[in-house]
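Novice: Here it is: the structure, laid out below.
The values are calculated or read from the model by the stated rules, or taken from the named source; none is laboratory data. In this text the structure is predicted, and so the values were computed from the model without any measurement. Heads up, the Cβs are rebuilt from the backbone with ideal geometry, glycines too, and the neighbour counts pull from every protein chain shown. Protein only, heavy atoms only, side chains kept; ligands, DNA and RNA dropped before computing areas. Shrake-Rupley method; radii C 1.70, N 1.55, O 1.52, S 1.80 Å.
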Amino acid sequence: MLRQILSKLPRKSSKPDSGESTRPESPSTQRSNGGSTGQGKASSGPKRTSSAVFPASVVAGIEPLVPFKDVPNAEKMNLFVSKVSLCCVTFDFTDSSKNTLEKDVKRQTLLELVEFVASGSIRFSEPAILAMCRMCAVNLFRVFPPNYRSNSTSVGENDDNDEPMFDPAWPHLHIVYDLLLRFITSSCLDAKVAKKYIDHSFILRLLDLFDTEDPRERECLKNILHRVYGKFMVHRPFIRKALSNIFYRFVFETEKHNGIAEMLEIFGSIISGFALPLKEEHKIFLWRVLIPLHKPKSVGVYFQQLSYCVTQFIEKEPKLASVVIKGILKYWPITNSQKEVMFLGEFEEILEGINMVEFQKIMVPLFWRLGCCINSFHFQLVTLVMPGIDLYFIGNDTLKLDPGFEENILRKLTVSFLVAERALFLWNNDQIVNLIAHNRHVILPIIFPALEKNAHSHWNHSVLNLTLNVRKMFSEMDEALFLSCLEHFKDEEEKLSLLAEKRKEAWQRLEDAASLKPITGNTAVLVTPLATSIAC
């Protein structure tokens, strides 16, 4: 249909040069034209250059290699369609020695199109929009090669050792992305007409590209999708739903995707534009998408963007603070100390803006978890399964390292030492201390056992000093309550010691009774330290 429309338009004619060659290798063929209008057959005259370099079916309507400045305004849109059609030809960029002339022609044409779109001189016609969408689809929409790391690791686990895979066609791809971005943001593009071609299918294919390993391409896609969301209001619900589906698949199925951070960054700007009061759809997105996104192991890759989205929701509707904290507590890591440190930082950010009513809803489970963090022993359980490296603790806080131990590994381990310290840093925040002071009768009995255990038995000097400072703060805040909690703690410790003694005596009686019975057949035997000793 496009060719039928363009065939009715007048073609720009020029005199053929009899000395020109039709070979693709000759640069002089770039500006050659078709035969004269009086010729009966196209094959009887010299071929056009673009037909020699590119397939003839791509070029239609007007010679695509003519500069925009050399044609009248009435013909510029036809020339735009012809140039865009020319760029639909794709090449193999894995071999830089192939089609060098053609690649250079295409690159120059793309740059010329970028300049023309940026000038914003003429309103885009519907055939031009169709040709532009088709060209972007041909060049951009592709299947990525399988990742050789996908079967053994997930995103974010080996970022320090594995470099991303870059597309060799990026020198052309980034120009196409720039052209598409300028095209969408152009004031000459009518959104009512363009929405027929930049449709749901186009947007889904665009979202599929976010899984590329190339961060440069993901950045371009982020900018383009953000502009599409802003310009095509009719597509906004679909874009939100499509993004949610990608997040669902990532959290509950694969836990592998390269573009989660960029898509969350887009959603952060979307959330900031939500009208108040928030729709139920938006709250469901918070409950079913953003909070479960705290679960994957690779949360560190996109945690900054995730935390920003959560904070935006709470700023829009403060009542959601308690819901968010309960959700994070549900996905609290047990053995991943790095995630614990990140979640503690997010807690501090949320607590800075929470109101008293919402704080009181979650203060009991929150400070129970903080008590566990204060007594965290992750820093004592360091295990490296690496040949040639010996790492263990001597005495209290001394590390013995093999001479071959690398400093970058030590930096990774240092993060695991910070769980208790990061939890105690919350008491340096005046807003959080104010919330605690108003609810000290509930919070201090919960947190006091953890503080006392640290004060008496913690080996790390930094954590010990912070614990003593928090303990002193509570004492100055309410001395009577502090002494009451201290007495209760001592009573509980005595009860626990009595229970431990009774348990020890019970086991001793069982051992004595077992030692008096004769051994017959396959009867299990209790091995005592005396029985295992070797006489000299």
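Novice: Just one of (1) outside any loop (DSSP other than H, G, I, E, B); (2) in contact with a His (Cβ under 7 Å, 6 or more places away or on another chain); (3) within 18 Å of residue 243 (Cβ to Cβ) trips up residue 274, so point out which.
Specialist: If we test residue 274 against (1) outside any loop (DSSP other than H, G, I, E, B); (2) in contact with a His (Cβ under 7 Å, 6 or more places away or on another chain); (3) within 18 Å of residue 243 (Cβ to Cβ), just (1) comes out false.
Novice: Where residues in region 74-100 are assigned to a helix (DSSP H, G or I), closer than 18 Å to residue 138 by Cβ and of a type in the set (Val, Ile, Thr), which of them is nearest to the chain's Cα centre (by Cα)? Steps first, answer last, please.
Specialist: Restricting attention to region 74-100, the residues satisfying the condition of being assigned to a helix (DSSP H, G or I) are 74-86, 100.
Now narrow it down to the ones that are closer than 18 Å to residue 138 by Cβ: 80-86.
Within this subset, residues satisfying the condition of being of a type in the set (Val, Ile, Thr) are 81, 84.
Values: 81: 37, 84: 33 Å.
Only one residue fits best here, namely 84.
Novice: Quick one: is residue 51 over 39 Å from the mean Cα position of the chain (by Cα), polar (S, T, N, Q) and at pLDDT below 80?
Specialist: Numbers: over 39 Å from the mean Cα position of the chain (by Cα): yes; polar (S, T, N, Q): yes; at pLDDT below 80: yes.
For residue 51, the condition - over 39 Å from the mean Cα position of the chain (by Cα), polar (S, T, N, Q) and at pLDDT below 80 - is met.
Novice: Answer with yes or no whether residue 176 is among the aliphatic types (A, V, I, L, M), open to solvent by 30 Å² or more (accessible area, probe 1.4 Å) and touching a residue at least 40 places away in the same chain (Cβ under 8 Å). It would help to see each step written out before you state the result.
Specialist: Details: among the aliphatic types (A, V, I, L, M): yes; open to solvent by 30 Å² or more (accessible area, probe 1.4 Å): no; touching a residue at least 40 places away in the same chain (Cβ under 8 Å): yes.
It is false that residue 176 is among the aliphatic types (A, V, I, L, M), open to solvent by 30 Å² or more (accessible area, probe 1.4 Å) and touching a residue at least 40 places away in the same chain (Cβ under 8 Å).
Novice: Which residues, counting only those in region 117-137, are open to solvent by 20 Å² or more (accessible area, probe 1.4 Å) and closer than 14 Å to residue 175 by Cβ?
Specialist: Scanning region 117-137 gives a single hit, 118.
Novice: Might you check whether a residue that is over 12 Å from the mean Cα position of the chain (by Cα) and under 30 Å from residue 187 (Cβ atoms) occurs anywhere in region 275-285? If you could, list the steps in order and put the result at the bottom.
Specialist: Start the filter on region 275-285 by keeping residues that are over 12 Å from the mean Cα position of the chain (by Cα), which leaves 275-285.
Going one step further and asking which of them are under 30 Å from residue 187 (Cβ atoms), we end up with 275.
Yes, because at least one residue in region 275-285 is over 12 Å from the mean Cα position of the chain (by Cα) and under 30 Å from residue 187 (Cβ atoms).
Novice: Out of 324, 310, which single residue is open to solvent by less than 20 Å² (accessible area, probe 1.4 Å), over 24 Å from residue 227 (Cα atoms), of a type in the set (A, V, I, L, M) and assigned to a helix (DSSP H, G or I)? I'd like the intermediate steps shown before the answer.
Specialist: Details: 310 fails: over 24 Å from residue 227 (Cα atoms).
Only one candidate qualifies: 324.
Novice: In region 191-250, which residues are within 25 Å of residue 284 (Cα to Cα) and aromatic (Phe, Trp, Tyr)?
Specialist: Selection gives 210, 229, 232, 238, 247, 248, 250.
Novice: What number of residues in region 163-222 are within 30 Å of residue 100 (Cβ to Cβ), over 23 Å from the mean Cα position of the chain (by Cα) and not basic (Lys, Arg)?
Specialist: Summing the residues that are within 30 Å of residue 100 (Cβ to Cβ), over 23 Å from the mean Cα position of the chain (by Cα) and not basic (Lys, Arg) in region 163-222 gives 9.
Novice: Can you pull out every residue in region 342-362 that is open to solvent by 40 Å² or more (accessible area, probe 1.4 Å) and either touching a residue at least 12 places away in the same chain (Cβ under 8 Å) or in contact with a strand residue (DSSP E or B) (Cβ under 9 Å, 6 or more places away or on another chain) (or both)?
Specialist: 342, 349, 352, 353, 355, 356, 360, 361
Novice: Residues of region 444-467 being over 39 Å from the mean Cα position of the chain (by Cα) and closer than 18 Å to residue 426 by Cα, which ones?
Specialist: Of region 444-467, the ones over 39 Å from the mean Cα position of the chain (by Cα) are 445, 452, 455-457.
Across region 444-467, the qualifying residues are 445, 452, 455.
Novice: Here is a follow-up. Just name the residue that is modelled with the highest pLDDT out of those in region 455-464 that are surrounded by fewer than 16 Cβ atoms within 10 Å (Cβ to Cβ) and either among the hydroxyl-bearing types (Ser, Thr, Tyr) or closer than 10 Å to residue 421 by Cβ (or both). Even if it seems obvious, please write down each step before you answer.
Specialist: The initial filter retains those residues of region 455-464 that are surrounded by fewer than 16 Cβ atoms within 10 Å (Cβ to Cβ), namely 455-457, 459, 461-462.
From what is left, the residues that are either among the hydroxyl-bearing types (Ser, Thr, Tyr) or closer than 10 Å to residue 421 by Cβ (or both) are 457, 462.
Details: 457: 79, 462: 85.
Per the criteria, the residue is 462.
Novice: All but one of (1) surrounded by fewer than 18 Cβ atoms within 10 Å (Cβ to Cβ); (2) within 16 Å of residue 363 (Cβ to Cβ); (3) out of contact with any Lys or Arg (no Cβ under 9 Å at 6 or more places or on another chain) hold for residue 481; state the number of the condition that does not hold.
Specialist: (3)
Novice: Only one of these is more than 30 Å from residue 73 (Cβ to Cβ) and either at pLDDT 90 or above or assigned to a helix (DSSP H, G or I) (or both): 103, 192. Name it.
Specialist: 103
Matching residues to (1) more than 22 Å from residue 326 (Cβ to Cβ); (2) exposed (fewer than 12 other Cβ atoms within 10 Å of the Cβ); (3) touching a strand residue (DSSP E or B) at 6+ places or on another chain (Cβ under 9 Å); (4) at pLDDT below 95:
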residue: 373; (1), (2), (3), (4): no, no, no, yes
residue: 382; (1), (2), (3), (4): yes, no, yes, yes
residue: 387; (1), (2), (3), (4): yes, yes, no, yes
residue: 449; (1), (2), (3), (4): yes, no, no, yes
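Novice: Hey, could you check region 327-361 for residues that are among the hydrophobic types (A, V, I, L, M, F, W, C) and not in a helix (DSSP H, G or I) and say which is farthest from residue 258 (Cα to Cα)? Don't jump to the end; show me each part of the working.
Specialist: Quick first cut of region 327-361, residues among the hydrophobic types (A, V, I, L, M, F, W, C) only: 328-329, 332, 334, 341-344, 347, 350-351, 354, 356-357, 359.
Among the residues that remain, those that are also not in a helix (DSSP H, G or I) are: 332, 334, 354.
Numbers: 332: 23, 334: 25, 354: 33 Å.
Out of the qualifying residues, it is 354.
Novice: Would you be able to tell me the number of residues in region 233-290 that are open to solvent by 50 Å² or more (accessible area, probe 1.4 Å), over 19 Å from residue 321 (Cα atoms) and of a type in the set (Ser, Thr, Tyr)?
Specialist: So the answer is 2.
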